[in-house]
1. I'm trying to understand the selection: among the residues of the stretch 64-117, which are of a type in the set (Ser, Thr, Tyr) and within 24 Å of residue 34 (Cβ to Cβ)?
2. If I filter the stretch 402-435 down to residues being under 21 Å from residue 378 (Cβ atoms) and of a type in the set (Ser, Thr, Tyr), which single residue comes out as surrounded by the most Cβ atoms within 10 Å (Cβ to Cβ)?
3. Do any strands (runs of 3 or more DSSP E) lying entirely in the stretch 343-437 carry at least 2 residues that are under 23 Å from residue 282 (Cα atoms) and in contact with a Phe, Trp or Tyr (Cβ under 6 Å, 6 or more places away or on another chain), and which ones are they?
4. If I go through the stretch 21-41 residue by residue, how many of them are surrounded by fewer than 17 Cβ atoms within 10 Å (Cβ to Cβ), farther than 30 Å from residue 226 by Cβ and touching a strand residue (DSSP E or B) at 6+ places or on another chain (Cβ under 7 Å)?
5. Residues 438, 462: which one is without any contact (Cβ under 8 Å) to a residue 40 or more places away in the chain and touching a strand residue (DSSP E or B) at 6+ places or on another chain (Cβ under 8 Å)?
6. Is one or more of the residues making up the stretch 393-402 at positive phi and in contact with a Gly (Cβ under 7 Å, 6 or more places away or on another chain)?
7. Filtering the stretch 42-77 down to residues that are of a type outside the set (A, V, I, L, M), touching a helix residue (DSSP H, G or I) at 6+ places or on another chain (Cβ under 6 Å) and closer than 25 Å to residue 180 by Cβ, which residue is surrounded by the most Cβ atoms within 10 Å (Cβ to Cβ)?
8. Spot the failing condition for residue 107; the list is (1) in a helix (DSSP H, G or I); (2) without any contact (Cβ under 8 Å) to a residue 40 or more places away in the chain; (3) open to solvent by 40 Å² or more (accessible area, probe 1.4 Å), and only one is missed.
Amino acid sequence: MGWHEVFKRVGVPEPQEDATGTPHFSPVNGQLLGCFRAVSPQHVSHALDRATECFLRLRQIPAPVRGELVRRFSLELRAHQADLAYLVTLESGKLIGEAWGEVQEMIDVCEFAVGLSRQLHGLTIASERPHHRMMEQWHPLGPVAVISAFNFPVAVWAWNSALALVCGNPILWKPSPQGTLSAFACHGLLVKVAQEHGQLPPHLSQVLLGEGEIGMCLAGDPRTKLVSATGSSKMGREVAARVGARLGRSLLELGGNNAMIVGASANLDLALRAIVFSAVGTSGQRCTSLRRLIVHQSRIDELLGALKKAYQSLVIGDPFLAKSHMGPLINLDSYEKLREACEQAEREGGKLEWGGQRISSHESLGSGVYVEPALLRMKQQTQTMSEEVFAPLLYVLPFSDLQEAIDIQNAVPQGLSSAIFTENMSEAELFLSTNGSDCGIANVNIGTSGAEIGGAFGGEKDTGGGRESGSDAWKNYMRRSTNTINYGKDLPLAQGIEFEFS
């Protein structure tokens, strides 16, 4: 099966190939998928003109009607889940089962957003003045730019677009160049549904191909009312600075350097399953991937032995095969960074217990970068461990006291996801308390990866502070208006102020 056949089955226009454009290769086997040309800054400006015109009409359409668009889109996603999952695996290299799960995330957040379309509610607030009423309303914000990363080429866009659309905002999507085909397939389905809907203005979704320059054009333009960016902390700082210079809004989902604490009372069988998936899922290329394993000194030898055995049993290979546990890295640069981190950790006193080497690919996998996940035993947390490495790299180190373990966990710049395995209620509650994890996600007896869409997703510190998907994340995509209504015959002033004049 090729991507051209997928687009024909899905029934949306193919992205236009251009021999002078940037080559796009599959990480699965190095296959050239096509060459695609980036848009120009002038094209971005025209796209913002179209999005602004769309917004002026879209904001007047009732939210439940906008929700109907998202509901119909979710049905299209269900109908084409297999084809979309194929494109995700082809472009990102993640296991086909994970790709199915990513498309399912799109479906789930659409269903969540449909419910929200009838619940975009404000507040009625008690007034201190007689015969007055105060209330809050939420109104559509304006064009929303979504900058997404290669590792979740479609789900993160859906987290943003489903909510933004029911809130009354058009979308401008700058996907990772590694997700070009997936982006155009999803965008095409959304446009097709919008055209069939009949009550919606054109240009409520646009795709803008390109590298960082295009993202910066979107970030710097005041017509972009929100920039939602997912990627590295370095990228996030650049986006935040550009948006902040015009006092605009940004929603940042950035780096993770996630830790799990395994206490003395932990169920090791349960912990082992969570550790392996969190560390090697998506080849360690999730923002929520487990990077630091902090184990009570009484259990570390037992757990490390079980981990080595589990790692040795992993099937690393073609992500389209159901038997595979881990697919390729996105590119050779990721492998080189993995090797550099392993070598630096060893110079800092660590010991490479297993893995970290590139695997000679089967002929059918061509130049795909397949590696053994690395398992490093550390005596203590070092400088290298404070840096995020987007690869299957797991540092294991001991602790003796829970507060020590929490301090180790929190002593890195990032603050996305965290977990503790313990059968001790006091330990679990301390971990979740104000004196515990400083991360946006803190779990007990589950791993660091695999968040549900119903909860707000995001983290603190260098992770950017943004929240997407569930809970009240919809408020990012709207503007708040506080209203006071005087239905009396007098004009009392707030705070009891007297102001008389003749």
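The values are calculated or read from the model by the stated rules, or taken from the named source; none is laboratory data. None of the values given here were measured: they were computed from a predicted structure. Here the Cβ is made from the backbone with ideal geometry for all residues, glycine too, and neighbour counts use every protein chain on show. Heavy atoms of the whole protein, side chains included, go into the accessibility calculation; ligands, DNA and RNA do not. Shrake-Rupley method; radii C 1.70, N 1.55, O 1.52, S 1.80 Å.
1. 86, 89, 92
2. Ranking the qualifying residues of the stretch 402-435, first place goes to 417.
3. On the way: elements: 351-354, 374-377, 393-399, 417-421.
Where strands (runs of 3 or more DSSP E) fall fully within the stretch 343-437 and carry at least 2 residues being under 23 Å from residue 282 (Cα atoms) and in contact with a Phe, Trp or Tyr (Cβ under 6 Å, 6 or more places away or on another chain), they are 374-377.
4. 4
5. So the residue among 438, 462 that is without any contact (Cβ under 8 Å) to a residue 40 or more places away in the chain and touching a strand residue (DSSP E or B) at 6+ places or on another chain (Cβ under 8 Å) is 438.
6. Initial filter on the stretch 393-402 (at positive phi): none.
No, the stretch 393-402 contains no residue that is at positive phi and in contact with a Gly (Cβ under 7 Å, 6 or more places away or on another chain).
7. Going through the qualifying residues, I end up with 73.
8. Result: residue 107 fails condition (3) only.
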